[in-house]
Structure formats: structure tokens, C-alpha cells
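Inspection log for the structure reproduced underneath, given as C-alpha cells.
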Amino acid sequence: MPKPTLDHLTLPRLKAEFAQSGLKATEFRGQTAVIAPPRMLHRVMAFLRDDEQCRYDFLSDVTAVDYLNYPAPTPGRFAVIYVLVSTHFNRRLIVKAYLDPSGDTTGNANDPALEIDSVTDLWPGAEWPEREVYDMFGIRFANHPDLRRILLWRDYPAFPLRKDYPLRGRGEREMYNVVQREDA
């Protein structure tokens, strides 16, 4: 079986613009992903949106992955993943930025290593997906206009999609007051 080649039409533009920045590209099952250093992510995303030969005008998704105990080596424990679409050229591109925590992640909400620039100034629709990533993984987005929990209550003590979060929770269900049917 022939080895797939990276022939995505956006890659030469990125290589020309960011030659010395450490961008990497991968392909899996026909989908091309660009791996950007976290410090460069906002510049790369702005270029992909504004360049006339790229024109990624639609941010389809923002999500994250926790690679704790992943069998293959990864550049960092967490990846923030953006799915971009160019409606003009009918192209998709995935952009990833890896983050490594600076210490224990079992509830640490203020780790400075788990912060990346928000892209809400480029795509306003990134506001809620970035909030969801913050809520579930604890990854903060610098310059986000309203970074607060979106799915869990404000004082929730942890981030449930981190892989070091216990499967049975940390007593959240036991903290609820039981309301009897006749009292409701």
C-alpha cells in the first residue's frame, strides 16, 4: 500500500509564510492536520482566514483531547483542535496545538501552561465551543470575552473530560439534597 502524501493545497502557503516557526503536518484517513506551536496558533489561524489563497472562513468546531496514557508518543498531553472550512475553495483543514501541564492536573484550574489564545476575535462562533473546552478540560483561552463554565455549575471542583478524573466522580452525586416526590 503506498504511503499517503501530504498534498493539501494549503500546506505550501503555510510553509512559505511560517518557514521557521515549527509547523508540522500530518494526514490520517484523508484528513490533513497542521500542528502549530501554541505561541503561534493565533497568527496561523489569522493567516488561514485572511490569506486569499486559503480563505478558511468557517470555524466548524473547537474541541480538545487528553492524551494521558496514550500508547504512542504525543507532543503534549492535551491537544486543542480546530476544524476549519474554506467555503470558497471547498477545503477542510484541522489545526492542532498541544499543551503540556506544568504539574498535577487533578483539579488544577489555574495551570499557566494550559492556556492558549482565543480565536473569538477571528471567528465569533468560537465563543461557546471554547467555553465548553474550558469547562470540560480546564484549558483557558486568553482574551476570551466571557470565559466561564457553560455546562457545569460555576463552583464545580474539577474537569470531567480529563482522563485522570475518576470514572465514578468525586462525590458530586452524594452532595445533592434528595427531594421526595411529595415535597416537589
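Observations on the structure shown:
- Filter result for Tyr56 (part of a loop (DSSP other than H, G, I, E, B), at pLDDT 95 or above and either farther than 25 Å from Trp128 by Cα or under 19 Å from the mean Cα position of the chain (by Cα) (or both)): yes
Conditions tested, residue by residue: (1) over 22 Å from His8 (Cα atoms); (2) of a type in the set (D, E, K, R).
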{"residue": "Asp51", "(1), (2)": "no, yes"}
{"residue": "Leu59", "(1), (2)": "no, no"}
{"residue": "Pro71", "(1), (2)": "yes, no"}
{"residue": "Ser86", "(1), (2)": "no, no"}
{"residue": "Arg92", "(1), (2)": "no, yes"}
{"residue": "Thr105", "(1), (2)": "yes, no"}
{"residue": "Ala113", "(1), (2)": "yes, no"}
{"residue": "Asp121", "(1), (2)": "yes, yes"}
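- Across the range 33-74, the number of residues qualifying as over 29 Å from Asp164 (Cα atoms) and either charged (D, E, K, R) or surrounded by 15 or more Cβ atoms within 10 Å (Cβ to Cβ) (or both) comes to 15.
- The set of residues from the range 124-145 being in a loop (DSSP other than H, G, I, E, B) and either crowded, with 20+ Cβ neighbours inside 10 Å or of a type in the set (Lys, Arg) (or both) comprises Gly138, Ile139.
- Residue check, Val85 of a type in the set (A, V, I, L, M, F, W, C), in contact (Cβ under 8 Å) with a residue 12 or more places away in the chain and buried (at least 20 other Cβ atoms within 10 Å of the Cβ): no
- Scan the range 11-32 for residues that are without any contact (Cβ under 8 Å) to a residue 40 or more places away in the chain, hydroxyl-bearing (Ser, Thr, Tyr) and crowded, with 16+ Cβ neighbours inside 10 Å and the total you get is 0.
- The residues listed here are Arg154, Arg148; of these, the one that is loosely packed, with under 14 Cβ neighbours inside 10 Å, in contact (Cβ under 8 Å) with a residue 12 or more places away in the chain and more than 21 Å from Pro38 (Cβ to Cβ) is Arg148.
The values are calculated or read from the model by the stated rules, or taken from the named source; none is laboratory data. Predicted, not measured: the structure shown is a model, and the values here were computed from it. Ideal geometry is used to build each Cβ from the backbone, glycine not excepted, and the neighbour counts take in all protein chains shown.
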